[in-house]
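The values are calculated or read from the model by the stated rules, or taken from the named source; none is laboratory data. What you are looking at is a predicted structure, and each value in this text was computed from that prediction instead of being measured. Glycine also receives a Cβ, built like all others from the backbone with ideal geometry; neighbour counts cover every protein chain displayed.
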């Protein structure tokens, strides 16, 4: 005669099943979180490369970097701001301004960013200020139009974002790193302690 399972055996089996299910769920959640983090890092790296390429292409046309520039009433100096003048090929003596300033993300309006309170408190945005047909000797610029070039820039105060070398020839160095949070993970692009560096030699500089 066959004997059925006892209550104790059933409870033990249920406990083992619960432990196995919890372990499987934790593993699945961990895998999904890692996949989300990897996708986020890949997306940020692509955005960083696109922005760096745009900056390099634009600054290659520069004639000069403006020392002591004032853009829309605020000082613009490396390492957190860079003002460059690009010659107008159709108007000798006139230049277009391209200024790049790192600003706290919290200062950006909601129309220009995705809602993210953590990012507002811990990252910068890189904004480009454009103004055309200025004297190539100008140092003060007003009514320049701002545009967002790059979001989620690491706000590390020790990172020299913009560096200018004047001799033996003008050279500009851009040091960029992005920072974001995905779930409980803090992501750095290109990586913790690493910097994405671009060096530009403006072709129109004397």
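If I filter the range 95-102 for residues that are within 30 Å of residue 184 (Cβ to Cβ), in contact with a strand residue (DSSP E or B) (Cβ under 6 Å, 6 or more places away or on another chain), crowded, with 20+ Cβ neighbours inside 10 Å and touching a residue at least 40 places away in the same chain (Cβ under 8 Å), do I get at least one hit? Within the range 95-102, one or more residues are within 30 Å of residue 184 (Cβ to Cβ), in contact with a strand residue (DSSP E or B) (Cβ under 6 Å, 6 or more places away or on another chain), crowded, with 20+ Cβ neighbours inside 10 Å and touching a residue at least 40 places away in the same chain (Cβ under 8 Å).
On inspection, residue 29 passes the criterion of being modelled with pLDDT under 75, surrounded by 11 or more Cβ atoms within 10 Å (Cβ to Cβ) and part of a helix (DSSP H, G or I).
Go through (1) farther than 20 Å from residue 47 by Cβ; (2) in contact (Cβ under 8 Å) with a residue 12 or more places away in the chain; (3) not in a helix (DSSP H, G or I) and name the single condition residue 89 misses. Against the list (1) farther than 20 Å from residue 47 by Cβ; (2) in contact (Cβ under 8 Å) with a residue 12 or more places away in the chain; (3) not in a helix (DSSP H, G or I), residue 89 comes up short only on (2).
Once the range 114-127 is narrowed to residues that are touching a strand residue (DSSP E or B) at 6+ places or on another chain (Cβ under 6 Å) and without any contact (Cβ under 8 Å) to a residue 40 or more places away in the chain, the residue that is nearest to residue 188 (Cα to Cα) is 124. Applying the criterion of being part of a strand (DSSP E or B) and surrounded by 13 or more Cβ atoms within 10 Å (Cβ to Cβ) to the residues of the range 187-206, the residue that is farthest from the chain's Cα centre (by Cα) is 200.
If you go through the range 107-150 and keep only what is touching a helix residue (DSSP H, G or I) at 6+ places or on another chain (Cβ under 6 Å) and surrounded by fewer than 16 Cβ atoms within 10 Å (Cβ to Cβ), you end up with 120, 148.
Of all residues in the range 59-86, those satisfying the criterion of being under 22 Å from the mean Cα position of the chain (by Cα) and assigned to a loop (DSSP other than H, G, I, E, B) are 60, 77, 78, 79, 80. Selection of the range 141-182 for residues being over 30 Å from residue 206 (Cβ atoms) and not in a loop (DSSP other than H, G, I, E, B) yields 148, 151, 152, 153, 154, 178, 179, 180, 181, 182. For the range 109-134, a tally of residues being more than 17 Å from residue 62 (Cβ to Cβ), part of a strand (DSSP E or B) and over 16 Å from the mean Cα position of the chain (by Cα) returns 0.
Sub-7 Å Cβ pairs linking a first residue in the range 137-154 that is under 22 Å from residue 117 (Cβ atoms) to a second residue that is modelled with pLDDT under 95 and not in a strand (DSSP E or B), at least 6 apart or interchain, are 148/112; 151/113, ordered by first then second residue.
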